[in-house]
Amino acid sequence: MADDAGITKAQATESYDSFVDAVTKSLQKEGKLTLIGFGTFSCTLRKARNGINPATGEKIKIPAKKVIKFKAGKALQEKM
């Protein structure tokens with residue numbers, strides 16, 4: 001990323017951290033962030049459910065939690 005942009009690795013790291021912080025704050029505030037041509041990040045609540053520990057076969061309860069989903073935009077999909 002640093003080589004492509006012609007910046008130092010420290011500057012690239014700072015830019016990346018800033019991007020992640022902006023996405024995080026937007027998802028916390030609005031629950032959805034759309035970057036035109038790139039894709040859409042959304043935050044949803046996954047319900048609590050029952051599961052099985054694969055190592056022991058014991059039944060366990062998996063608690064509810066927020067998950068982040070990403071759907072690629074048209075421009076990104078066309079590049080693939």
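Throughout, read-outs are computed from the coordinates displayed, never taken from laboratory work. Small disclaimer: the values here were computed from a predicted structure and weren't measured. Cβ coordinates were reconstructed from backbone atoms using ideal geometry, including for glycine residues, and neighbour counts include every protein chain displayed.
Values as computed for the structure displayed
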read-out	value
Burial ranking of peptide ranges 1-9, 41-49 (average Cβ count within 10 Å, highest at the top)	41-49, 1-9
The chain: relative contact order in percent, alpha carbon pairs under 8 Å with at least 6 residues between	24
Distance histogram in 10 Å bins (all Cα pairs of the range 33-80, percent per bin)	23, 28, 22, 20, 6
Listed residues Ala55, Ala12, Ala64, most fluctuating in the chain (Gaussian network, C-alpha, under 10 Å)	Ala55
Spatial separation of Cα centroids for the range 55-80 and the range 1-41, in angstrom	20
GNM flexibility winner over the chain from Gly39, Gly57, Gly31 (Cα, springs under 10 Å)	Gly57
Most mobile of Thr13, Thr56, Thr40 in a GNM of the chain (Cα contacts under 10 Å)	Thr56
Assigned charges on the beta-carbon of Lys, Arg, Asp, Glu; the range 33-80 dipole about Cα centre (debye)	200
Which labelled figure in (i) -0.62, -0.85, -1.14; (ii) -0.66, -0.90, -1.15; (iii) -0.50, -0.79, -1.22 is log10 I(q)/I(0) by the Debye sum over Cα atoms at q = 0.13, 0.18, 0.26 Å⁻¹, once derived from the coordinates	(ii)
Estimated distance in nm for a label pair at Arg49 and Ile62, the labels positioned 7 Å out from Cα along Cα-to-Cβ	0.5
GluC sites (Glu not before Pro) restricted to the chain and DSSP loop, no more than 13 other C-beta within 10 Å	Glu58
Cross-link table Lys25/Lys69; Lys9/Lys32; Lys29/Lys69; Lys25/Lys65, entries beyond 23 Å C-alpha to C-alpha	Lys9/Lys32
